[in-house]
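What follows is calculated from the coordinates using simple rules that are stated; it is not laboratory data. None of the values given here were measured: they were computed from a predicted structure. All Cβ positions, glycine included, derive from the backbone under ideal geometry; neighbour counts span all protein chains shown.
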Amino acid sequence: MNPASYGKKNGMWYASPGNQGWGSKPTSRKPSIMEADLGTLSTTSGSIKRSAGRVIRIINNLDHSVQCRVLLNLRTSQPFEEVLEDLGQVLKINGAKKMYTGTGQEVRSFSQLRNEFADVDTFYLATGTALIAGSPIRRSRSRPSVVAAAPVLPTEDVQKVPLRGARPRSKSRPRILYAPESEILRTNGEYTMLDIMKEDPTKVTIRGLRRTFYPPAHHAPADNTPPDKKLQLQWVHGYRGIDARRNLWVLPSGELLYYVAAVAILLDRDEDAQRHYIGHTEDIIMDIHPSRELVASGQKAGRDRKSQAHVRIWSTESLQTLYVFGMGELDMGVTAVAFSQLNGGSYILAVDSGRESILSVWQWQWGHLLGKVATLQEGLSGAAFHPLDDNLIITHGRGHLAFWHRRKDGFFERTDIVKQPSRSHVTSVQFEPDGDVITADSDGFITIYSVDSDGAYFVRTEFEAHTKGIGCLIMLGEGTLLSGGEKDRKIAAWDSLQNYKKIADTKLPESAGGVRTIYPQRPGRNDGNIYVGTTRNNILEGSLQRRFTQVVFGHGRQLWGLAAHPEDELFATAGHDKHIALWRKSKLIWTIQTGYECVSLAFHPFGTALAAGSTEGHLLVINCENGAVMLTLRVCGSPINCVAYNQEKIMNQALSLFEMISVGDMIAMGSQNGSIYLFRVSRDGFSYKKVNKIRGSQPLTHLDWSMDGNFVQTVTIDFDLLFWDAKSLSPERSPIAMKDVKWLSSNCTVGYLVAGMWSNRYYSNSNTIITTCSRSASQDMLISGDADGYIRLFRYPCMSPRAEFHEAKVYSGMVACGRFLYGDHTIVTVGGTDASLMLKWPPWRAPAQYEARYADYWSLRRSSKQSSTFVDSDSLEYQ
């Protein structure tokens, strides 16, 4: 047996020059192409076998002056057809599919290059069956018996084909390499493939799979510093009424106070302005102090240390955080929070949403825990102090109503009023002036509990007030009780002084939804004017004597569709509530209700038409002027997840800018079934004719058109980047061939120029999944949103995992979509499962006094990554 010519010893690879077993020296690095000889590639440890790599000359069949030598690795795992396409890019041939010898014989595999054509050094590339002039056509793959006369070549003669060559065994899977730059003939001063390969491909690991993205030949230089502009919250649209109660108040200043996701909003209707408290990072609940000047807000627990469950006390005047407590004591999050009434709000209670539903009472000015108890109640949804006894607490929920008396030693005595197996869900609790307890339940009944001489509670009266569930109760100052129905959409007034005789009632319109919460417009005044928060995320104003009008509009269910107008600061939204809305900054222009749940939107480049893709495979075309649905097309049977119009542009070399050739004459739709559907568009976006579809297999989530309108790139649900030829209606399978294509937008979340968003070294979660991104029109900024609710602003291009950014977190779930508005002054984001959340973030330049502080912040963050310690971002705040 012959000794091995290669092997591994002591963790080092060795090779013997004489094929005599283990060598005495470790192999050095593989030499670069610039060090390689044109004949045999030599290394310090020997030479690569001829079967492993060959230096051949390739010539453009249509222009013999375009040629070069390449080192072709015959052991590559890449298909032969893709190698031909890559070589065609070197010779400026789009779609090279054939390789021929000088005698006209077609080369169809690496095996032929190793064997039949082992001594042939020159080959011709062509797009089809066209051959070099004078070459006979030979299509047989068998060994030729007579070699045909070779044509006149531009550089050298072609050698004859041997009968058979050696066929050694393959031992590796290296990649294709290219010849020295000096051997490549350039034409018209354009770049060559060698220029491209000077920059290494980027490899990104997403969900455990490594993906490779190839660099374009020309792109803006990388700048890893954070952008000059920052993110500042300007406006929040919507209201959270779909799953929350007691979330609407009026402050002494007249401002409306409510919350959406992790943001507390203070709306000044007179000034048409909002203020925001953004001290939280996850979904919150709130309660207001008896003085209405302080607010307690508690959040649920997140995935990192910055998102622990806790409660914050903050001022409604200055928006400054006064006290924070509950860190480490609260586990899963805060289900209920409430101030005491009798002692001026010195106590506060919090209920943990963990398995044991622990109730804790705090003296919040000092952060002292006065006592806690495990309620062991899974369906607990609310709690409140008794207005006449700060040591008496009432908790309620599904099949649950209990009274808790806190003793001086901190222990609690429990009295169950309603308990399992009761099916009734106690939804709201109020109190009469004398201390009797009023409850409402999911069956539509109102129950009043009084206390007897022994201190025991009993049912004084009970009556049916609404059909099915009651959303809320509120006791007004003159003894009038208001109740709101979740199902029947009615608001009723009851006189508590006359045994709850009905005074009046009214019914909300169906589009508004059921009643979730009620609060008087002017607390302390008996004018009958109220604000109503609804189950469809709207806020209304009115009274039982007059009609209700809309104050705040929000989408009632999941919100996924978002599109920015191409010529104005307008944007459109669409969601599962079957509503499509058009907005201008803080104003709602129009909203329509369609028959379909829409998840994707796109404006026609002229801005006159709006295309919407539905979950049932329909395409809706809407007039942007008045919101009228002009056209409904059945495209497929699967959800249309992404929609985009093309804009064909070409580069004017004289002016160094892109000129528009055609605008919006084609629309592409990416479907859940993995296919791309193409329609011809005319009449400014109001006439559509199906062209064809390009079949795929993986669900598509994002889509971009190329500048020339010839290609489409898409991202699949598994974050694979796919390319499609819109002219030939076929997938493009070579990512290398597509790396120099210019893209009209950058909505696809993967790619070389956006790779820095993934696995960024400054993320608190290294496994962050990017769910949306968008490039500014000036192509200098990139916005991204992830599955943890973070919004980040990068410089564009963003190619390095060391790219720094500005970030904000106001979502607890994924960011569904983010876009720059016209002019790049404003960013709009929508929150997917945060149905009514839609935020606008105007980028602005940081003041000079903050620049040095922010530089210190990034230096601290870099050092924290190196030392594996945690740096709290709250220690450096920028308002």
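What to note about this one:
- Modelled label reach - R303, point 7 Å along Cα→Cβ, the range 756-772 residues with backbone N closer than 16 Å: 757-772
- Under the Karplus curve 6.51 cos²θ - 1.76 cosθ + 1.60, θ = phi - 60°, whole-Hz ³J(HN,Hα) for the range 95-104, x wherever Gly or Pro sits: x, 5, 10, 10, 10, 10, 7, x, 8, x
- Sparsely packed loop sites in the range 200-306 (the GluC sites (Glu not before Pro) outside DSSP H, G, I, E and B with at most 16 other Cβ atoms within 10 Å) comprise E271, E293.
- This model, with +1 at the C-beta of Lys and Arg and -1 at the C-beta of Asp and Glu, gives the range 54-126 a dipole about its Cα centre of some 100 debye.
- Close amide H pairs (under 5 Å, H built 1.01 Å from N) link N641 with G670, S671, Q672, residues at least 5 positions away or on another chain.
- Centroid-to-centroid separation of the range 503-555 and the range 585-609 [C-alpha atoms, Å]: 27
- Amide N proximity, the range 356-392 versus E293 label position 7 Å along Cα-to-Cβ, cut-off under 18 Å: 364-366
- Were the residues from K487 through E199 laid out at 0.36 nm apart, the gain over their Cα-Cα distance would be 97.4 nm.
- Restraint check, K300/K468; K92/K739; K98/K203; K230/K739; K203/K739, Cα-Cα greater than 24 Å: K300/K468; K98/K203; K230/K739
- Karplus-derived 3J(HN,Hα) values for the range 750-755, using 6.51 cos²θ - 1.76 cosθ + 1.60 with θ = phi - 60°, are 10, x, 5, 7, 10, 5 Hz; glycine and proline are entered as x.
- Placing a pseudo-label 7 Å from each Cα along the Cα-to-Cβ vector at M332 and F606 gives an inter-label distance of 5.5 nm.
- Förster-model FRET efficiency, 45 Å R0, S800 and L370, C-beta, rounded to 0.05: 0.30
- Added length on full extension, which subtracts the Cα-Cα distance from 0.36 nm per residue, R355 to S511: 52.5 nm
- Förster radius 35 Å - calculated FRET efficiency between D228 and N626, Cβ distance, rounded to 0.05: 0.30
- Under the criterion of Cα pairs below 8 Å and six or more residues apart, the relative contact order for the range 556-766 equals 11 percent.
- For the range 556-766, the calculated P(r) over all alpha carbon pairs, in 10 Å bins from 0 to the bin holding the longest distance, is 8, 34, 36, 19, 4, 0 percent.
- Modelled spin-label separation between K727 and T212, with each label point placed 7 Å from Cα along the Cα-to-Cβ direction: 2.8 nm.
- Modelled spin-label separation between S253 and Q779, with each label point placed 7 Å from Cα along the Cα-to-Cβ direction: 4.4 nm.
- Set of aspartates and glutamates with alpha-carbon distance to K229 below 13 Å, sequence-local pairs under 8 removed: D780, E804, E807, D824, E851
- Counted charge near L620, where neighbours are those whose Cβ lies closer than 12 Å (Asp, Glu -1; Lys, Arg +1): 0
- Database remark: amide H of G664 closer than 5 angstrom to the amide H of N646, Q647, E648 (H placed geometrically; neighbours at sequence offset of 5 or more, or on other chains; Pro and chain starts carry no H).
- Rounded FRET efficiency, nearest 0.05, which uses the C-beta distance separating T549 from F445 and R0 of 35 Å: 0.70
- Euclidean distance between Cα centres, the range 60-134 to the range 297-331, Å: 66
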